[in-house]
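The values are calculated or read from the model by the stated rules, or taken from the named source; none is laboratory data. Quick caveat: nothing in here was measured; it's all calculated off a predicted structure. All Cβ positions, even for glycine, are placed from backbone atoms using ideal geometry, and neighbour counts span all protein chains on display.
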């Protein structure tokens, strides 16, 4: 039994419930892997960046299983149906059956594609998330959203398919390039903005320690982010209502990613700029105090994240936002802020407020 300090958070979804384990040295902890991965036949899906760092370590820790590995190219531009077909081809070639599982070793792109392949293969097999980026550990690995991009929109094709467990080894964050690490912090900031003002205050007080990747600060940021997401997902697994607050900045951000070309802006960078746009629109509507808008912008700047989007044009931005999955009856639903720590899902805002926001940031 390992004595390494660990955190455990449980996603309460009835028969689909599962644990999130957070802490150092999880990748080679045979006890933790044995307790949380039931399948004996495994396809490890990873990419060309992560494989040299962690594939051998994970494979060695799983040496009592039958394992195969598929190493994919790295980058958001490869998050396509064609790449998912490669995962399914590998499952077929390795004669994996319904008692097998897919292990997603990597960031959000790998997790989304591996989970979607698992959801589709033989009408659904298990998968395990082993996220190696901050963004994946605090957000995309938790909650069961899987899928791929369409040339006209982000995450337009996918399925809800919950993992059997999430194993977030915080040691992997030490090898992340600074830009990737900062992009993950954007999703951490999001949680403070939408539902936990005290966490937002903590981020302001501990921004320097988090940027420096100090162990205790990283552990707290990952744990609290996962706790908050777990609470929301347990109440609204399939995003019929409350869960949409997790998309603060994402409708604007997805338009940025699509217009710029997938992979040009990292997801977290686009979300950061999108959160600034959401805060500006919230203040424009009289919902968010100007001082709180300014605190939001300053905190995002402190983490070295962009606060201004590329000038894609207001018309193009609105067109892309109109393809967003949150559109209902022709209205773009936006997550906006009432105050720090309190978000609302809005569709009855004046069109003039959205148009003014798009012109101010995209033109």
Subject >> Residue count for the stretch 172-182, restricted to those that are assigned to a helix (DSSP H, G or I) and crowded, with 16+ Cβ neighbours inside 10 Å >> reply: 5
**OP:** Report, by residue number, each residue of the stretch 277-299 that is under 12 Å from residue 189 (Cα atoms) and without any contact (Cβ under 8 Å) to a residue 60 or more places away in the chain.
**Re:** 297, 298
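Okay, residues lined up against (1) over 20 Å from the mean Cα position of the chain (by Cα); (2) surrounded by 20 or more Cβ atoms within 10 Å (Cβ to Cβ):
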| position | (1), (2) |
| --- | --- |
| 255 | no, yes |
| 267 | no, yes |
| 274 | no, yes |
| 277 | no, yes |
| 291 | yes, no |
| 295 | yes, no |
| 307 | no, no |
| 316 | yes, no |
| 322 | yes, no |
**OP:** Test residue 138 against the criterion of being outside the structural domain of residue 245 (by TED's automatic domain parsing), in a helix (DSSP H, G or I) and under 20 Å from residue 245 (Cα atoms), and give yes or no.
**Re:** yes
Original post:
So which of 162, 129 ends up being modelled with pLDDT of 95 or more, not in a strand (DSSP E or B) and not assigned by TED's automatic domain parsing to the domain that holds residue 188?
Top reply: 162
Subject >> Residues of the stretch 253-291 classified as more than 29 Å from residue 75 (Cα to Cα) and in a loop (DSSP other than H, G, I, E, B), total >> reply: 5
Original post:
Among the candidates 271, 211, 232, which residue alone is in contact (Cβ under 8 Å) with a residue 24 or more places away in the chain and over 30 Å from residue 358 (Cα atoms)?
Top reply: 211
Original post:
Taking into account only those residues within the stretch 345-363 that are under 13 Å from residue 244 (Cβ atoms) and out of contact with any helix residue (DSSP H, G or I) (no Cβ under 8 Å at 6 or more places or on another chain), which is surrounded by the most Cβ atoms within 10 Å (Cβ to Cβ)?
Top reply: 346
**OP:** Mind listing just one residue for me: the one in the stretch 232-248 that is in contact with a helix residue (DSSP H, G or I) (Cβ under 8 Å, 6 or more places away or on another chain) and part of a helix (DSSP H, G or I) and, of those, surrounded by the fewest Cβ atoms within 10 Å (Cβ to Cβ)?
**Re:** 235
**OP:** Just one of (1) modelled with pLDDT of 95 or more; (2) in contact with a helix residue (DSSP H, G or I) (Cβ under 7 Å, 6 or more places away or on another chain); (3) in a helix (DSSP H, G or I) trips up residue 146, so point out which.
**Re:** (3)
Original post:
Do you know which of the residues in the stretch 132-158 that are touching a residue at least 60 places away in the same chain (Cβ under 8 Å) and out of contact with any strand residue (DSSP E or B) (no Cβ under 7 Å at 6 or more places or on another chain) is nearest to residue 272 (Cα to Cα)?
Top reply: 135
Original post:
Of 194, 185, which residue is touching a helix residue (DSSP H, G or I) at 6+ places or on another chain (Cβ under 6 Å), part of a helix (DSSP H, G or I) and assigned by TED's automatic domain parsing to the domain that holds residue 343?
Top reply: 194
